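Visitor: The following block contains the structure, expressed as structure tokens.
The values are calculated or read from the model by the stated rules, or taken from the named source; none is laboratory data. Predicted, not measured: the structure shown is a model, and the values here were computed from it. Methodologically, a virtual Cβ is constructed for each residue, glycine included, from the backbone with ideal geometry; neighbour enumeration extends over all protein chains shown.
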Amino acid sequence: MTSCPSQAASPLGADHCCSASSPQPSSCAGEANARADGLLVLADGSVFEGEMAGAHPPGGIATGELVFNTVMSGYQEVLTDPSYAGQVVAFTYPHIGNYGVNPTDAESARPWCEGVVVRDLQAMPSSWRCTEDLEHYLVRHGIPGITGVDTRMLTRRIRDFGSIPCAFGTAGEGELAKAAALALPTDGRDLVSTVTTEHPYVTGNGPLRVVAYDFGVKAAMLAHLGAMATVEVVPACTPSAEVLAREPDGVLLSNGPGDPAALDWIVGAVADLLGRVPLFGICLGHQLLATALGGSTYKLPFGHHGGNHPVRRMLTGQVEITSQNHSYAVDMRTLQGSEVTHVNLNDGVLEGFRQPAAGAFGIQYHPEAGPGPHDAWYLFSEFAALMERSC
């Protein structure tokens, strides 16, 4: 059993965008600041030139596992997705920050990524919804970034050789190379404990009762659940007995960061819930559910991070365009006794399964979108139907 963290905040808490103790958001009519030269160095020795943006990293060096995301919009939702804890996000779309940021689009209390890499960070956003420009938002939350990077070449590097630790900042190339070599990948790391809520809280007012395990839950996910249920969000370390004592109609296993193979302390609780209450796992929750059923997981070369991945729904043959953010996947060959429900058409990765005998199903992609298409919203209705049949 792992102890609960002491610093993570609810995605719907008072600091959803800015708290009373935080500096107030700046105007969207920002001005470009003079930028210091910076370098991005990968653990394989590759070097990319750019200019520093966002917050100044301690000691002039920021590190993390570098991944790319292909969304053309929705950068605020991406940056505030807790699933990016431990990672540096490189956006393939060249212009980031065009429409600024606003409180509504945040998926959690703050950005959780270790840094941001872009081709062109816009200093003068234009949108009637904008309350702050992206760079001031990054500064306010202490997130470093680097702009002016050749993200096309960078993306090809990651695509060909896989996600890789990196370092970027104003330090010299030699220092950055050493930092990149020492930077930790997400393999074998429990990052859930860094992002989960410290205390239970309740959201939504629907007629059903749902307990949602917060492994890094997103606000859009809770909004969908809240329309059909009263949702009690609980820390990741909550024992299964405490969940069952709440007498829920169903349990959500949320998305979250890191390697599912490092989370045995969560898998045990999920295994205890199997067959006793309907379960719906999303992303990391899907992987943990599969593990509790005897399956195993593996790391994808560069992950699925974007808003346009085609997935076939096996029941109907329909192709859904989906929002995805995961570096790990379930090996469908190890998932005995379960029915495959969804498959990724790009690479054949398992995207969904169900286990009728246990009253459980999992989805690897993000049906709540945020950002992304709405093709998969029906899955929340399927969860509601499963709970109603079990009542």
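Condition check ((1) surrounded by 22 or more Cβ atoms within 10 Å (Cβ to Cβ); (2) touching a strand residue (DSSP E or B) at 6+ places or on another chain (Cβ under 7 Å)) across all residues:
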| position | (1), (2) |
| --- | --- |
| Arg35 | no, yes |
| Leu42 | yes, yes |
| Pro58 | no, no |
| Gly64 | yes, yes |
| Tyr99 | no, no |
| Glu107 | yes, no |
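Visitor: Now for a different question. Failed condition for Thr170, given (1) more than 23 Å from Gln364 (Cα to Cα); (2) not assigned by TED's automatic domain parsing to the domain that holds Ser108, with all others met?
Guide: Only one criterion in (1) more than 23 Å from Gln364 (Cα to Cα); (2) not assigned by TED's automatic domain parsing to the domain that holds Ser108 is unmet by Thr170, namely (2).
Visitor: Looking at the range 220-239, can you tell me whether even one residue there is among the aliphatic types (A, V, I, L, M), more than 17 Å from the chain's Cα centre (by Cα) and in a helix (DSSP H, G or I)?
Guide: Checking the range 220-239: at least one residue is among the aliphatic types (A, V, I, L, M), more than 17 Å from the chain's Cα centre (by Cα) and in a helix (DSSP H, G or I).
Visitor: Additional query: Can you tell me which residues in the range 333-375 are closer than 22 Å to Asp81 by Cβ, in a loop (DSSP other than H, G, I, E, B) and touching a Gly at 6+ places or on another chain (Cβ under 9 Å)?
Guide: Answer for the range 333-375, where residues must be closer than 22 Å to Asp81 by Cβ, in a loop (DSSP other than H, G, I, E, B) and touching a Gly at 6+ places or on another chain (Cβ under 9 Å): Gln364, Tyr365, Ala369, Gly370, Pro371, Gly372, Pro373.
Visitor: What is the residue count in the range 64-89 for residues that are part of a strand (DSSP E or B) and either closer than 13 Å to Leu138 by Cβ or among the small types (Gly, Ala, Ser) (or both)?
Guide: Here the count works out to 3.
Visitor: Going by the conditions given, is Leu225 over 22 Å from Val267 (Cβ atoms), surrounded by 18 or more Cβ atoms within 10 Å (Cβ to Cβ) and either free of Cβ contacts under 8 Å to residues at least 12 places away in the same chain or touching a Cys at 6+ places or on another chain (Cβ under 9 Å) (or both)?
Guide: So Leu225 fails the test.
Visitor: If Pro165 satisfies every condition in (1) touching a strand residue (DSSP E or B) at 6+ places or on another chain (Cβ under 7 Å); (2) under 12 Å from Phe91 (Cα atoms) but one, which is the exception?
Guide: Result: Pro165 passes all but (2).
Visitor: For residues in the range 271-310 being among the hydrophobic types (A, V, I, L, M, F, W, C) and over 27 Å from Val210 (Cα atoms), which is surrounded by the fewest Cβ atoms within 10 Å (Cβ to Cβ)?
Guide: Going through the qualifying residues, I end up with Leu300.
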